[in-house]
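The values are calculated or read from the model by the stated rules, or taken from the named source; none is laboratory data. Quick caveat: nothing in here was measured; it's all calculated off a predicted structure. Glycine also receives a Cβ, built like all others from the backbone with ideal geometry; neighbour counts cover every protein chain displayed.
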Amino acid sequence: MTNTAADRPLEGGLLTLAGVRYQYAGASDWALDGVDLSVEAGRVLAVVGPNDAGKSTLALVASGLAPLAVGGRLEGSVLLGGHETRGLAAHEAAQRCGILFQNPSTQLSGTAHTVWEEVAFGPRNVGLGLAEIVERVEGSLAALRIEHLAPRDPARLSGGQAQLVALASVLALRPRCLALDEPTSQLDPEGTRLVGEAIRRLAGDLGSAILVTEHKTALLERVADTAIALRDGTVVARGTVREVLDDPELVGLGVDPPPAVRLRRALAAAGVPADVRGRALAALTTLDAPGGAEARG
Amino acid sequence: MRGWTGPLVVLAIVVVTATVTRIGRAMRPFVLATIPLIASILLVNTFLYPGAEDVLFRLGPLAATGTGLTEALQAGLRVVAFALSVAVFSLTTPTDDLLADLERRGVGRRGVFVVGSAIRTIPRMAERAGEIVEAQRARGLDTEGSWLRRIRGILPLAGPMILGAVTDVEERTVALEARAFSAPARRTVIRPIPDSPPERAVRWIAGLGAVTLVVLGIAGVLRLP
């Protein structure tokens, strides 16, 4: 499978995993086995793989929550901004690496009556002053362009909106790294688009180092720079996101290639000339881009 | 005999408070909720009060007694006084304000979170129960037939509800850690509740009054019910 130097696994990223093995409490197998990776500031690392490959575990380990909050046994080294997670408390890790789960309803505190209060939940927990809390909450909402949701009841949001609020809640703790665990798995195309745009903005504008696990390879192709493929807790491919998603062996892992790759393969298999293939792919790229549907209409 | 003074004083305070705060209409469900209990107290005490001999009338083998009726009315009055005090409290005190103030006074964040979360979770659990009922109904479960059938339908409803709630708790615990819930710092209060000197004075008077009554009761100066 693909393995290029593009990811350069251990070169001083904001988020670095070196020789990481992780085993859940009571389990006999390693959920992660020998994972090396590094994500630099402003970069997005995509993680693909079949179910049970260890993607969610990787997100938990990268955020420090495993084993700090989840328990279990960790070997190797997880560095958040140069600090070993092993020496941190869970609340300290949370301020270095935020994690976003698949289901926003379990991520939200469930105690706030407005989105504003929900986003303020984390900063309040660490005892920040009121002015700092206001600044962080409004900054987080603005970073995701959801200021208009501030007075809304968090329990009455659409899936996409709730996921963005959950992300804003994570951002309010100002972590430099983010681990996003299938952030669009429960979202419709519009929600997926909103989260995708937010990921690019967070990497580009705030310089966050982002690890994102996803099944939606079309989204990853748009938002990620590099990628790894996991199988049974082991990295089986790494490279630029295009290289990894273009890898023919990915299908064998149960990962659907993005539409552009599938189209290219189908056209090539049908014997369509290269110039026609190029035009078809360009048209598909236009459709996939934000606002593409409107342009088509 | 329990006496009338205590519950009547409480009821008088409740009525004045309800009138001033204009919550009389909203208190109706609380009054209605006490009816089954009051009815059972009246029946049991009026007809079955032990040792009472002042018979008012007979109903078959049962005899209604004056002592039993008086006892029943006093006990019923206490139930109403208690229910309405709770009604006044819940209708005049927003839960958020209560929790915010408890937090400001140093009650642990875990305790406050558990109460707040439970209150906010109730509608969500009700929604989930509705979804599960619909899902079970779609699979042919009779949720509207006889009582026996409905009772039989509880298991398929309770299973997913309980399992779902347990899974939620596990996920939410980790999610809370991800939001620095275990940080040792004192949690910032973002919405201080206004507390005027007269309000503080009333609270002190009420608290001291309650302690005084209990002490006088224990000392035998006032007769405890």
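Structure above, values below:
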| quantity | calculated |
| --- | --- |
| All positions within the stretch A:116-143 that are under 15 Å from residue A:198 (Cβ atoms) and either within 7 Å of chain B (Cβ to nearest Cβ) or buried (at least 22 other Cβ atoms within 10 Å of the Cβ) (or both) | A:119, A:140, A:141 |
| Any hit, the stretch B:15-22, residues being in contact (Cβ under 8 Å) with a residue 24 or more places away in the chain and among the small types (Gly, Ala, Ser) | yes |
| Single residue of the stretch A:166-191 satisfying the filter (assigned to a helix (DSSP H, G or I) and surrounded by fewer than 24 Cβ atoms within 10 Å (Cβ to Cβ)) that is nearest to the chain's Cα centre (by Cα) | A:191 |
| Options A:96, A:43; residue that is of a type outside the set (Gly, Ala, Ser), buried (at least 20 other Cβ atoms within 10 Å of the Cβ), closer than 24 Å to residue A:236 by Cα and in contact (Cβ under 8 Å) with a residue 60 or more places away in the chain | A:43 |
| So residue A:194, is it in contact with a strand residue (DSSP E or B) (Cβ under 7 Å, 6 or more places away or on another chain) and either at pLDDT below 90 or assigned to a helix (DSSP H, G or I) (or both) | no |
| Any pair with Cβ under 9 angstrom, 6 or more apart, that starts in the stretch A:261-282 at a residue that is over 21 Å from residue A:251 (Cα atoms) and in contact (Cβ under 8 Å) with a residue 12 or more places away in the chain and ends at one that is in a helix (DSSP H, G or I) and not aliphatic (A, V, I, L, M) | A:277/A:264; A:280/A:264 |
| Criterion (under 16 Å from residue A:145 (Cβ atoms) and surrounded by 24 or more Cβ atoms within 10 Å (Cβ to Cβ)) met by exactly one of A:210, A:199 | A:199 |
| Close pairs (6 angstrom Cβ cut-off, 6 or more residues apart or separate chains): without any contact (Cβ under 8 Å) to a residue 40 or more places away in the chain in the stretch A:197-216, of a type outside the set (Val, Ile, Thr) and surrounded by fewer than 22 Cβ atoms within 10 Å (Cβ to Cβ) anywhere | none |
| Residue in the stretch B:64-71 that is farther than 18 Å from residue A:125 by Cβ, within 20 Å of the chain's Cα centre (by Cα), polar (S, T, N, Q) and not in a helix (DSSP H, G or I) present | no |
| Residue within the stretch B:153-164 that is surrounded by 15 or more Cβ atoms within 10 Å (Cβ to Cβ), away from chain A (no Cβ under 14 Å) and either at pLDDT 75 or above or part of a loop (DSSP other than H, G, I, E, B) (or both) present | yes |
| Counted residues, the stretch A:153-179 - those being modelled with pLDDT of 90 or more and in contact with an Asp or Glu (Cβ under 8 Å, 6 or more places away or on another chain) | 3 |
| For residue A:96: the one exception among (1) basic (Lys, Arg); (2) more than 14 Å from chain B (Cβ to nearest Cβ); (3) touching a Pro at 6+ places or on another chain (Cβ under 8 Å) | (2) |
